[in-house]
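Bear in mind that the values in this text are calculations on the coordinates, not laboratory data. Because the structure is predicted, anything quoted here is derived from the model rather than measured. When we count neighbours, we look across all protein chains shown, and the Cβ atoms used for this are built from the backbone with ideal geometry, even at glycine.
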Amino acid sequence: MSAAQTQLQAARDADAADYAPVDLTFAQNKFQQAQAAMTSRKYADAADLATEAQADAELATAKARLGDVRARIQTKTNENARLREAMEQAHPELSSRSQMPATLPAAALTGDMPAPSASVLSAPMPSGDGGFQTVPQPATSTSAGNAQEGQP
């Protein structure tokens, strides 16, 4: 119960009410149910509910931290765009040299990266056996010796 209560307070301190209200509400409800189970002397149920409350509170805390970081990133992105516009207005000759995007492309946000153009597969080479291609074998020592002497 103590660990669940501590985690609930950590979630509140991380502004989970703003960034993860549903998860915080789940955690608070489970904690209240755990308290009711303790009052009813249903200690096993109380322990299970307290564990669930703690997990929900941890999730709310993580989501609140993520939301806070995203908000700070957006604030910095907006500030950078504002500063870039001010710089371009003050020094129009510099605007053609550096064209930086104001926001990250969608692929960067999702973790997906486009494949480089060099990754395009070439057409398969024809092979006589109808399947796998074989790697040419190095010349044997007698063939190599004959080739060195100028004999076929």
Classify region 20-61 as rounded, prolate or oblate, taking a ≥ b ≥ c as the square roots of the eigenvalues of its Cα gyration tensor: rounded when a/c is under 1.5, otherwise prolate if a/b is larger than b/c and oblate if not.
-> prolate
Simple label model, 7 Å out from Cα along Cβ direction - ASN29 to LYS42, nm = 1.6 nm
Near LYS42, which lysines are there with a Cα under 22 Å away, not counting those fewer than 8 places off in the same chain?
-> LYS30
